[in-house]
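Visitor: This structure is in structure tokens; I'll ask about it shortly.
FYI, it's all coordinate maths here, none of it is from the lab. All values derive from a computational prediction rather than experimental measurement. Cβ sites come from the backbone with ideal geometry, for glycine too, and all protein chains shown count toward neighbours.
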Amino acid sequence: MKNTLFLFLFVALIASGCNEASRFTDNPLLAEFNTPFGAPPFDEIDDGHFLPAVEEAIRIHNLEIDEIVNNPEPPTFENTIVAYDNAGELLGRVNAVFGGLRSAETNPRLQEIARETTPLLSAHSNAISMNMDLFERIQSVYEQRDNIGLNPEQLRVVESYYRDFERNGAALPEDKQEELKRLKERMSMISLQLSENQLAETNNFKMILEKKEDLAGLPRSVISAAAEAAEREGHEGKWMITLHKPSWIPFLQYSERRDLREKIYTGWFMQGNNNNENDNKDLFAELMQLRLEMAKLMGFSNYAEYFTDIQMAQNPENVYEFLYQVWDPAVDRAKKERDQMQKIIDREGGDFNLESWDWWYYAEKLRQELYDLDDDEINPYFTIENVREGNFLLANKLFGLTFELRPEVPVYHEEVEAYEVFDMDGSHLGIIYIDPHPRPGKRGGAWCGTYRSGSWDNGERISPIVTIVMNFSRPTGGEPAMLSWDETTTYFHEFGHALHNFFAEGQYRRTSRSVPRDFVELPSQILENWAGEPELLKKYALHYETGEPIPDELITKLRSAEHFNQGFMNTEYLASAFLDMDWHTAEHGEIIDVNSFEQESMKRIGMPDEIIPRWRTTYFGHIFGTGYAAGYYVYRWAGVLDADAFMAFKESGDLFNQELAERFRKYILAENSLWEGMDAYVRFRGHEPSIEPFLIQKGLM
């Protein structure tokens with residue numbers, strides 16, 4: 001397919017004139033990537049290449065669609081479904097590079113280009129999804145699907161594409177289609193602006209400390225990081241705390257200055273809510289109204305119904321029922337944690353009640369009091385290199401994978417490393433980029449993506465190019481980057497997503513890695529379970545100075561404290577999941593007061609005053625786009641799956657049980673093109689999951 005595509009491009013460009021051909025050959029995004037493993041040529045790509053590349057790729061995609069629609073032959077699986085599955089390869093490739101850089105290494109020029117390309121791409125997508133001639137051909141194959149000798153994978157790709165077109169409005173009357181196009185195009189621009197505002201708010205808040213007494217209680221590593229951050233911003237001799245997690249979280253944990261803890265935490269939870277040029281309230285309110293209109297246009301009562309209709313949860317009622325099952329024990333535990341911390345405040349003579357900006361500080365005191373667990377003692381074993389090698393080792397012990405650094409592969413930033421991944425038989429499996437540290441051009445959080453998804457071309461496998469992007473602590477004061485336990489488990493989490501991308505085996509792009517959103521976190525979250533197991537810890541948690549493995553005493557402390565603060569962690573997460581569902585099930589009037597809505601949502605579930613949602617509305621990046629909108633619940637939903645799945649390894653007596661690992665790879669990671677979520681899970685586990693392992697894992701039972 002790839003060679004055919006470039007021949008097609010060449011002929012099309014010759015036909016359109018020499019100037020167009022020159023434009024094509026001068027743009028590295030539109031030429032074949034002549035790089036190691038076909039990786040994006042980041043060293044050749046200039047910001048100015050993106051807009052013409054998107055425009056050209058849209059043009060080519062339209063030609064490919066026209067070829068399908070105008071085919072005089074009757075619709076068949078090959079000339080319609082396979083042809084449509086292959087179409088848009090160039091546009092997908094350009095968008096993958098552009099989207100990857102906009103998330104991990106953006107700048108004002110890329111943001112400007114995104115504002116130009118977003119409406120183009122939205123209109124292009126709408127034009128295809130509501131192309132009635134194309135839909136009629138797909139519908140024809142769909143109606144014949146049981147009588148034309150399709151295998152299970154082919155049957156599933158036909159049904160998936162037919163459902164896609166239905167859910168994108170192809171079956172609507174023409175006037176309703178025009179309304180849907182308008183809604184989608186406006187929503188795409190709002191989502192883009194919300195994300196840009198959030199990044200600006202994160203980057204703009206800087207708490208500059210000028211006096212040494214402002215550093216009271218902070219560990220040496222936190223002070224060094226703050227000094228280096230200040231120096232990079234031109235504040236030499238001072239210290240700077242920012243809204244990047246490696247900065248503000250340890251400050252909250254250790255700073256003895258209650259006034260400064262309040263200042264930084266207020267900066268965090270007021271992002272997008274400061275009535276300035278980056279305020280997100282009105283934009284978000286408009287987005288909610290538009291999503292509700294869209295859902296009703298599609299025949300659903302609300303957007304949450306529209307989203308969950310194709311998820312494992314099936315409907316919002318099931319989501320709410322599940323959330324409440326976890327909410328009640330989580331809040332009960334959080335209240336006990338609050339009372340324990342209030343006792344510390346009272347014992348120390350503090351004349352105040354615990355507030356949200358106090359929680360991290362007194363939780364750390366309580367942790368040290370209960371478990372004698374000091375991060376300065378633990379963190380030297382978890383350098384970023386050690387944790388990376390721990391992930392590599394786990395992948396080797398479970399699936400036989402090996403990894404080799406490939407410095408010849410182009411990268412988009414000097415901190416990024418590229419590794420070649422080899423399968424158990426030594427064959428090439430893919431490439432993984434690892435991008436570890438925060439930068440002004442990188443959005444917050446951690447994620448996994450692809451610059452090229454795995455696919456097939458005339459029977460030959462095209463290997464995936466995967467990226468995992470984090471915002472982890474930097475090296476400071478001449479010492480290596482040492483990760484917190486939360487950062488360590490996050491690394492394992494994102495690496496699990498990477499393995500899912502490497503192992504997907506489907507023949508068709510639409511279904512190769514097609515799983516419900518409330519299933520997709522299973523492959524990532526299950527790896528977190530291994531991170532703290534002594535059998536693996538002893539292999540990768542090595543002291544950066546002595547090389548000695550983490551001692552049994554520290555492992556015991558870590559294991560003893562694994563349920564510590566779980567009331568808080570689950571309550572703040574679940575509060576955001578409820579908030580997400582409330583936004584997407586509500587009947588919104590013309591005027592929505594975002595803050596009042598949020599307050600009512602938290603009041604309804606009985607949110608403790610001392611805890612705020614992990615993500616408040618105005619910086620709830622997960623739901624700005626459509627990926628996790630009405631779907632933030634999925635992390636805990638998939639948590640039930642991963643806890644039950646890991647229990648299979650525990651029950652076998654072998655954490656690296658090869659037979660189970662092979663079944664997990666086959667049914668959960670590889671054959672996504674064949675099975676729906678629960679069907680795949682039962683094939684691996686032998687039964688549906690139980691919630692008890694999850695509640696035990698989280699210390700809620």
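Visitor: Please turn the phi angles of the range 151-164 into ³J(HN,Hα) values with the Karplus equation 6.51 cos²θ - 1.76 cosθ + 1.60 (θ = phi - 60°), one per residue in order, whole Hz, x for glycine and proline.
Guide: 7, x, 5, 5, 4, 5, 5, 4, 5, 5, 5, 4, 5, 4
Visitor: Same structure again: In whole Å, what are the extents of the range 253-359 along the principal axes defined by its C-alpha atoms, from largest to smallest?
Guide: Projected onto its principal axes, the Cα set of the range 253-359 covers 60, 40, 18 Å.
Visitor: Taking 2.2 N^0.38 Å as the expected size of a compact globular protein, what ratio does the Cα radius of gyration of the range 522-591 give against it, to two decimals? It would help to have the intermediate numbers written out before the result.
Guide: Working: Rg = 19.7 Å, N = 70, 2.2 N^0.38 = 11.1 Å.
Cα-based Rg divided by the globular estimate yields 1.78.
Visitor: Mind checking the angle between helix 316-347 and the chain's longest principal axis? C-alpha axes, 0 to 90 degrees, to the nearest 10.
Guide: So the helix axis and the longest Cα principal axis differ by about 20 degrees.
Visitor: Then there is this: Over what distance in Å are the Cα centres of the range 592-647 and the range 431-473 separated?
Guide: Their Cα centres are 26 Å away from one another.
Visitor: Please order Tyr667, Tyr491, Tyr306 by the number of other Cβ within 10 Å, starting at the fewest. Don't jump to the answer; show the numbers that get you there.
Guide: Numbers: Tyr667 19, Tyr491 26, Tyr306 23.
Least crowded to most crowded, the residues run Tyr667, Tyr306, Tyr491.
Visitor: Binned at 5 Å from 0, what are the whole-percent values of the Cα-Cα distance distribution for the range 386-482, short to long?
Guide: 3, 11, 19, 23, 20, 13, 7, 3, 1, 0, 0
Visitor: Also, quick follow-up: Determine Rg/Rh for the range 634-700; Rg is computed over alpha-carbon atoms and Rh is the Kirkwood hydrodynamic estimate from the same atoms. The partial results should precede the final answer.
Guide: On the way: Rg = 11.9 Å, Rh = 12.3 Å.
When Rh is taken as the Kirkwood radius, the ratio is 0.97.
Visitor: Please compute P(r) over all alpha-carbon pairs of the chain, binned at 20 Å starting from zero, and give each bin as a whole-number percent.
Guide: Using 20 Å bins, I get a P(r) of 16, 52, 29, 3, 0 for the chain.
Visitor: Separate question: Output the 0 to 90 degree angle, nearest 10, between the alpha-carbon long axis of helix 594-605 and the longest principal axis computed from the alpha carbons of the chain.
Guide: Approximately 70 degrees, to the nearest ten.
Visitor: What share of Cα pairs, in percent, lie more than 20 angstrom apart in the range 299-405?
Guide: Numbers: 3902 of 5671 pairs.
Percentage above 20 Å: 69.
Visitor: A follow-up question, please. Pop out the ³J(HN,Hα) list for the range 532-540 in order, Karplus 6.51 cos²θ - 1.76 cosθ + 1.60 with θ = phi - 60°, rounded to Hz; leave Gly and Pro as x.
Guide: x, 6, x, 4, 8, 3, 4, 8, 10
Visitor: Taking only the alpha carbons of the range 205-269, what extent do you get along each of the three principal axes, in Å, biggest first?
Guide: 26, 21, 18
Visitor: How are the alpha carbon pair distances in the range 332-378 distributed across 5 Å bins from zero to the largest one, expressed in percent?
Guide: That works out to 5, 21, 30, 24, 13, 6, 1, in percent per bin.
Visitor: Between helix 245-254 and the chain, what is the angle of the helix's C-alpha long axis to the longest principal axis, kept within 0 to 90° and rounded to the nearest 10?
Guide: For 245-254 against the chain, the angle is about 20 degrees.
Visitor: Got a sec? How would Trp637, Trp675 order by Cβ neighbour count within 10 Å, fewest to most? Walk me through the numbers on the way to the answer.
Guide: On the way: Trp637 25, Trp675 19.
So the ranking, lowest neighbour count to highest, is Trp675, Trp637.
Visitor: If amide hydrogens are placed 1.01 Å from N in the peptide plane, which non-local residues have theirs closer than 5 Å to the one on Thr467?
Guide: Sorted by chain and number, the residues that satisfy this are Tyr433, Gly449, Thr450, Tyr451.
Visitor: Based solely on C-alpha atoms, express the radius of gyration and the Dmax of the range 428-562 in angstrom.
Guide: 17.6, 56
Visitor: Roughly what percent of Cα-Cα pairs across the range 126-197 reach past 15 Å?
Guide: Numbers: 1531 of 2556 pairs.
Value for the range 126-197: 60 percent of Cα pairs lie more than 15 Å apart.
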